[in-house]
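The block underneath contains the structure these notes are about, expressed in structure tokens.
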Amino acid sequence: MSEHEISKAVVKRLPRYYRYLGNLLSAKVERISSNELSELMNVTASQIRQDLNNFGGFGQQGYGYNVKYLYNEIGKILGLDKTYNMVIVGGGRLGQAIANYVKFEKRGFSIKGIFDINPELNGKLVRGIPIRMTEEMPKFLEENEIQIAALTLPKEGAEAVLPILIDNGVKAIWNFAHTDLKVPDDVVVENVHLSESLMQLSYDLNHRKIKEGS
């Protein structure tokens, strides 16, 4: 099956498989069946098999899955066998929290720079990375071959810096701003709306209460 035929729902489940397989590797588990993985992840075994069959299956009947091999193969599918240069635009609390998350480097995401418009943040070090002013960004993007930008700033700021990022070669936007950005077809956007996630949690909580009370 070609990649464009694989549903987004399947792709969105891959990071979760990757995480659980990483935990199994840390626990020195060498192989696992779809039924065992199903119990761990609370996903049906048939769903696991269907998802992985989109990419070739990886399992052997009567043996299950080789944990290390499957972990590495899913990593390749996710592009985690490559290294990506990344900047954070917005040096406030959220931007600094992302910069301090050391697991990004382990996954191949190398944070090269942090940018902000607040002169009080100019030169502040976040895990050894200095916060620079946004006017320095075009030259920095060009010189460091940045592929990914995380936007951790208000809506207006995100919309203002987007053309600068695109014009200087950024091809992927990790968007925490409260707006849905319009980008060219050769640029991808992953929107992370924290408030929407919290509202979904509120819905689930309240409807569970209603169900329990009925």
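The values are calculated or read from the model by the stated rules, or taken from the named source; none is laboratory data. As the structure is a computational prediction, the values presented were derived from the model and not from experiment. Don't worry about glycine lacking a Cβ; one is built from the backbone with ideal geometry, like all the others, and counts go over all protein chains shown. The protein model used for the area step is the full one, side chains on, heavy atoms only, and it has no ligands, DNA or RNA in it. Shrake-Rupley method; radii C 1.70, N 1.55, O 1.52, S 1.80 Å.
So for the stretch 19-36 (the condition being under 15 Å from the mean Cα position of the chain (by Cα) and open to solvent by less than 100 Å² (accessible area, probe 1.4 Å)), does at least one residue qualify? No; the residues of the stretch 19-36 include none that is under 15 Å from the mean Cα position of the chain (by Cα) and open to solvent by less than 100 Å² (accessible area, probe 1.4 Å). Filtering the stretch 45-56 to residues that are within 22 Å of residue 30 (Cα to Cα) and open to solvent by less than 40 Å² (accessible area, probe 1.4 Å) leaves 45, 48, 51, 52.
Within the stretch 150-159, is there a residue that is small (Gly, Ala, Ser), closer than 30 Å to residue 72 by Cα and touching a Gly at 6+ places or on another chain (Cβ under 8 Å)? Yes: one or more hits.
Taking each residue of the stretch 154-172 that is charged (D, E, K, R) and looking for partners that are open to solvent by less than 40 Å² (accessible area, probe 1.4 Å) with beta-carbon atoms closer than 7 Å, six or more apart or interchain, yields 155/177; 155/179; 159/179; 171/187. Just to be sure before I move on: is residue 59 open to solvent by less than 70 Å² (accessible area, probe 1.4 Å), at pLDDT 95 or above and in contact with a Phe, Trp or Tyr (Cβ under 7 Å, 6 or more places away or on another chain) in the structure I sent? The answer is no for residue 59. Take residue 112 and decide whether it is open to solvent by 90 Å² or more (accessible area, probe 1.4 Å) and within 28 Å of residue 72 (Cβ to Cβ). Spelling it out, it is not the case that residue 112 is open to solvent by 90 Å² or more (accessible area, probe 1.4 Å) and within 28 Å of residue 72 (Cβ to Cβ). Within the stretch 51-79, the set of residues being part of a helix (DSSP H, G or I) and without any contact (Cβ under 8 Å) to a residue 12 or more places away in the chain comprises 53, 69, 72, 76. Name the residue that is farthest from residue 192 (Cα to Cα), counting only residues in the stretch 80-138 that are in contact (Cβ under 8 Å) with a residue 60 or more places away in the chain and among the β-branched types (Val, Ile, Thr). Residue satisfying both the conditions and the ranking: 87.
Given the criteria closer than 21 Å to residue 190 by Cβ, out of contact with any Pro (no Cβ under 6 Å at 6 or more places or on another chain) and surrounded by 13 or more Cβ atoms within 10 Å (Cβ to Cβ), does residue 13 qualify? Considered against the rule, which asks whether it is closer than 21 Å to residue 190 by Cβ, out of contact with any Pro (no Cβ under 6 Å at 6 or more places or on another chain) and surrounded by 13 or more Cβ atoms within 10 Å (Cβ to Cβ), residue 13 comes out as yes. Are any residues in the stretch 158-184 out of contact with any strand residue (DSSP E or B) (no Cβ under 8 Å at 6 or more places or on another chain), open to solvent by less than 60 Å² (accessible area, probe 1.4 Å) and not polar (S, T, N, Q), and if so, which ones? Those that are out of contact with any strand residue (DSSP E or B) (no Cβ under 8 Å at 6 or more places or on another chain), open to solvent by less than 60 Å² (accessible area, probe 1.4 Å) and not polar (S, T, N, Q): 164, 166, 169, 184.
In the stretch 80-91, which residue that is at pLDDT 95 or above and not β-branched (Val, Ile, Thr) is most open to solvent (accessible area, probe 1.4 Å)? Looking at residues that are at pLDDT 95 or above and not β-branched (Val, Ile, Thr), I get 84.
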